[in-house]
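A short write-up of the structure that comes next.
What follows draws every value from the coordinates through simple rules; no lab data is involved. Predicted, not measured: the structure shown is a model, and the values here were computed from it. Positions of Cβ are generated from backbone atoms using ideal geometry, with glycine treated the same way; all protein chains shown enter the neighbour counts.
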Amino acid sequence: NEKNISNQEKVENKTPSQPAVFIPVDRLPEIQEARLKLPVLAEEQVIMEAVKENPCIVICGETGSGKTTQVPQFLYEAGYASGSGIIGITEPRRVAAVSMSQRVAKEMNLSTRVVSYQIRYEGNVTSDTKIKFMTDGVLLKEIQKDFLLQRYSVIIIDEAHERSVYTDILIGLLSRIVPLRNKKGLPMKLLVMSATLRVEDFTDNTKLFRTPPLVIKVDARQFPVSIHFNKRTPMDDYTGEVFQKTCKIHRMLPPGGILVFLTGQAEVNNLCRKLRQAFPYRRGNTTNGEDEDTDTSEAMRKFKKAKQKKTVSLPRIDLDNYSALPVDEGDEDREAGIGDEDYDGSDLEFGDDPASLVEKADPSIPLYVLPLYSLLAPEQQAKVFRPPPPGTRLCVVATNVAETSLTMPGIKYVVDSGRVKKRFYDRVTGVSSFKVTWTSQASANQRAGRAGRTEPGHCYRLYSSAVFGDFSLFSEAEITRRPVEDLVLQMKDLNIDKVVNFPFPTSPSVEALVAAEQLLVSLGALKEPPRSGSVKQMEQARLSCPITPLGRAMASFPVAPRYAKMLALGQQQDCLPYVIAVVAAMTVREIFEDLDRTAPSEDESTKLAQRRVRLTQMRRLWAGQGASLLLGDLMVMLGAVGACEFVGCTPKFCEENGLRYKAMVEIRRLRGQLTNAVNSVCPEVGVFVDPKMAPPTEHQVVCLRQIVLAGLGDHLARRAQAEDVLDEKWKNAYRTPLLDDPVFIHPNSALFKTLPEFVVYQEIMETTKMYMKGVSAVEAEWIPELLPQYCHFGSPLESPSPWFSSSTGSIRCHCSSTFFRIAWPLPAVEK
Ligand code: ADP
Ligand code: MG
């Protein structure tokens with residue numbers, strides 16, 4: 001082993017890795033002064049020596065010690081961006097990529113042309129860029145275009161402890177790319193940065209790094225934080241408890257900022273409203289910035305500004321405009337898609353305002369309340385870094401974003417709800433749900449640490465120490481909790497056929513990989529494995545199916561494989577512009593305002609009822625009539641996109657018609673991007689997207705339904721038949737082969753009253769019942785034709801068997817004198 005190490009060192013020492021130049025940076029004196037206080041500055045020498053001597057290093061340091069803002073500057077000054085290569089930094093969150101690039105540009109007194117960012121839909125990278133912040137998904141896409149990443153001399157993987165899927169895969173890929181680059185005489189460095197959490201997954205993983213990388217620890221100047229546990233643990237109304245605790249701190253405890261951890265955007269906004277009511281801070285006529293904090297006015301301002309410049313049109317199609325891999329609908333911020341802090345349609349009820357408490361509160365010292373969550377506009381986010389107005393106390397109400405990605409000054413008290421919102425996905429049934437669960441011990445300690453950045457602090461945990469003892473030690477790596485078909489396809493496209501052998505920091509389960517390969521085979525993206533040979537050989541073959549040309553085309557579309565399949569089929573019958581619009585709308589989360597979620601006050605309720613009626617009417621209008629109605633919820637999406645574009649996609653139109661403006665803007669960008677992707681894969685098609693499209697003809701609607709069926713073939717459901725309906729719970733219900741329980745069409749769906757015999761759905765979300773989302777009707781006779789891979793053809797003699805068999809998980813059908821059973825290939829997993 002020792003010999004190996006020294007050999008490797010010899011190789012490394014030969015690489016001309018250390019640039020001889022020193023690039024001066026002209027920082028403002030106050031910036032320089034603040035920098036010198038950061039713990040990471042004390043380690044600059046050590047870090048730069050280590051980088052010089054080693055191809056890969058790990059930097060571990062408490063949140064707020066200066067890793068993200070300072071390490072790129074060290075590398076820049078040492079000349080790592082002075083040659084042809086630039087410095088790249090990946091972040092799992094879009095928020096962090098944008099805000100950190102701006103911060104570093106400011107600290108270095110350089111323009112954003114030089115210190116830039118790139119996230120899924122936007123960026124300000126120029127030919128002058130030397131330091132590039134990006135989301136991890138963006139870098140993964142770049143690896144697909146240039147495996148050696150020759151534009152970069154250094155890659156920094158930041159926030160590695162978050163264990164986002166793309167971060168994990170990047171580390172796996174870079175563990176191979178870096179030695180390859182150095183072997184080819186194109187030196188490259190890899191820095192993995194992490195909060196002080198479980199770095200052993202990276203360092204002690206011999207599959208990943210043959211020689212464990214050097215770990216540099218940065219000691220943070222952390223002040224002691226006293227932890228106060230609750231005696232009892234509120235189980236239901238924890239948000240009410242959070243409110244009371246925050247009020248109490250504000251009324252009784254000495255000055256110092258308060259940071260509150262909740263789970264989602266709706267909770268955060270609710271608490272902000274209540275706190276502002278209890279301790280009003282008035283400036284001019286607006287109360288505590290409430291008006292300026294709303295998304296709508298922000299959107300309106302941006303829109304007006306854009307309009308002054310020129311009329312809004314689809315973005316110019318640009319072949320270099322990268323996109324990240326598909327985004328899970330549950331999340332807009334993390335490109336990999338944990339829905340941990342966002343608005344998701346399943347928010348817990350916020351208890352009634354405890355009026356007595358509001359009265360008792362001493363409103364003499366105003367509380368300056370700021371929300372902080374991922375979807376907040378950057379200008380609003382920046383506010384948390386500024387000191388609060390004189391005579392007020394700062395109170396930041398945040399989601400997980402404040403746990404490690406962003407550090408704000410002046411926090412003395414932390415109120416920790418102990419909860420986190422996570423998306424759960426059942427691999428066997430394909431059912432998703434958002435659940436609020438306990439966080440991990442490591443995360444709870446991170447949260448507590450936020451209180452001790454500038455002076456000794458206090459952390460109030462709204463749960464007992466016994467409950468804390470039951471928390472898991474660390475949060476699970478995301479890759480173990482989500483479907484991986486998109487990743488498997490991307491990796492196959494990188495010619496990594498045996499994905500099981502990939503050096504993942506934490507490997508997804510074999511069942512998840514098998515399920516992914518099976519889906520991709522059914523979609524035609526991978527070659528079917530041979531059905532002969534020994535069991536072991538067949539098992540092996542199932543896990544190493546090579547990619548097909550269709551698979552390559554699909555991999556180049558920045559959407560999940562099921563949608564990519566639809567795009568690949570889309571050019572038929574001039575349907576492509578519609579397929580693109582539908583896919584864009586399905587990929588962007590929550591495009592419709594959900595009225596059920598807004599809890600109205602007494603006087604608002606009639607207004608709200610009127611609004612509900614109007615929005616229902618609009619949706620009915622978009623759903624169309626006759627043939628188009630059968631496209632169901634996808635037709636509503638198409639109608640909404642068409643109508644919105646027809647008036648130029650204005651915030652006013654969206655507001656009036658219950659559409660989320662941000663979502664509509666994103667759909668527009670994505671349409672441009674998908675058009676671009678399709679054109680580059682099949683130039684002969686040459687689609688051109690006119691934002692204003694005419695509604696599809698009846699003929700096209702039929703084609704669209706077939707294209708949707710081809711993509712969502714494994715998401716087919718059939719209406720419960722006579723045998724079932726005797727049982728009350730199967731009334732109006734649907735069967736899917738993988739679930740024993742009934743699933744339903746949501747009351748908000750365009751097909752709620754139609755109840756077609758066969759439908760396909762986008763996903764199943766479990767709330768009060770299991771509801772199918774994004775439902776579209778299909779005809780029985782299309783199934784054997786378009787989805788032969790799921791059908792077992794039989795003779796009428798078989799007919800005495802029941803229509804549904806839970807033992808084989810199949811549905812038996814008969815149409816046009818063909819008998820067939822629809823049976824999904826089940827992965828070999830025990831339920
Ligand atoms: P780490 O990456 O180790 O968690 P950072 O580099 O993010 O640390 O933060 C270092 C310091 O810079 C922190 O004290 C933080 O408050 C400060 N900081 C970061 N962004 C901003 C900003 N936009 N404005 C003011 N201060 C900031
Ligand atoms: Mg950081």
In the structure shown, of Lys145/Lys383; Lys435/Lys492; Lys498/Lys565; Lys132/Lys662; Lys189/Lys492; Lys141/Lys207, the pairs separated by more than 27 angstrom at the C-alpha atoms are Lys145/Lys383; Lys435/Lys492
Net +/- balance of residues flanking Ser111 in space, Cβ distance below 15 Å, scoring K and R +1, D and E -1: +3
Give the order of Lys498, Lys141 when sorted by the count of other beta carbons within 10 angstrom, beginning with the fewest. Lys498, Lys141
Go through 441-451, 643-653 and give me the packing order, highest mean Cβ count within 10 Å leading. 441-451, 643-653
Estimated vicinal HN-Hα couplings, Hz - region 63-74 in sequence order (Karplus 6.51, -1.76, 1.60; Gly, Pro = x): 4, x, 7, x, 4, 5, 7, 9, 4, x, 5, 4
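Which order do the peptides 587-593, 156-162 take when ranked by the mean count of other beta-carbon atoms within 10 Å per residue, highest first? Before the final figure, lay out the partial values.
Details: 587-593: 19.4, 156-162: 26.0.
For the peptides 587-593, 156-162, the packing ranking is 156-162, 587-593.
How would you classify region 98-230 from its alpha-carbon gyration tensor, with a ≥ b ≥ c the square roots of the eigenvalues: rounded for a/c under 1.5, else prolate if a/b is greater than b/c, otherwise oblate?
Oblate, since a/c reaches 1.5 and b/c is not below a/b.
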What is the projected area of the convex hull of the Cα atoms of region 542-595, averaged over all directions, in nm²? 5.5 nm²
Asp26, Asp486, Asp497 arranged by Cβ crowding within 10 Å, fewest neighbours leading: Asp26, Asp497, Asp486
Could you give each residue of region 709-724 its phi-based ³J(HN,Hα) in whole Hz, using Karplus coefficients 6.51, -1.76, 1.60 with θ = phi - 60°, and x for Gly or Pro? 4, 5, x, 9, x, 7, 10, 9, 9, 10, 4, 4, 9, 3, 4, 7
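Quick check on region 391-519: take the gyration tensor over C-alpha atoms, sort the square-rooted eigenvalues as a ≥ b ≥ c, and tell me if it's rounded (a/c under 1.5), prolate or oblate.
On the way: a/c = 2.87, a/b = 2.26, b/c = 1.27.
Because a/c hits 1.5 or more and a/b exceeds b/c, region 391-519 counts as prolate.
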For Ile216, which sequence-distant residues (separation of 5 or more, or a different chain) have an amide H within less than 5 Å of its own amide H, given hydrogens modelled in the peptide plane? Val58, Ile59, Cys60
Just rank Arg619, Arg423, fewest to most, by other beta-carbon atoms within 10 angstrom. Arg619, Arg423
What is the sum of charges, Lys and Arg at +1 and Asp and Glu at -1, for the other residues whose Cβ falls under 15 Å from the Cβ of Gly524? -1
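Assuming R0 = 30 Å, can you tell me the calculated FRET efficiency for the pair Val681 and Glu511, based on Cβ-Cβ distance, to the nearest 0.05? Write out the running numbers ahead of the final one.
Details: r = 32 Å, r/R0 = 1.05.
Calculated transfer efficiency: 0.40.
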For region 97-103, in order, what is each residue's ³J(HN,Hα) by Karplus, 6.51 cos²θ - 1.76 cosθ + 1.60 with θ = phi - 60°, in whole Hz (x at glycine and Pro)? 4, 5, 5, 5, 5, 5, 5
Sorting check: for 117-125, 220-228, 714-722, which peptide has the highest mean count of neighbouring beta carbons within 10 Å, and how do the rest follow? 117-125, 714-722, 220-228
Between region 531-577 and region 610-644, what's the alpha-carbon centroid distance in Å? 32 Å
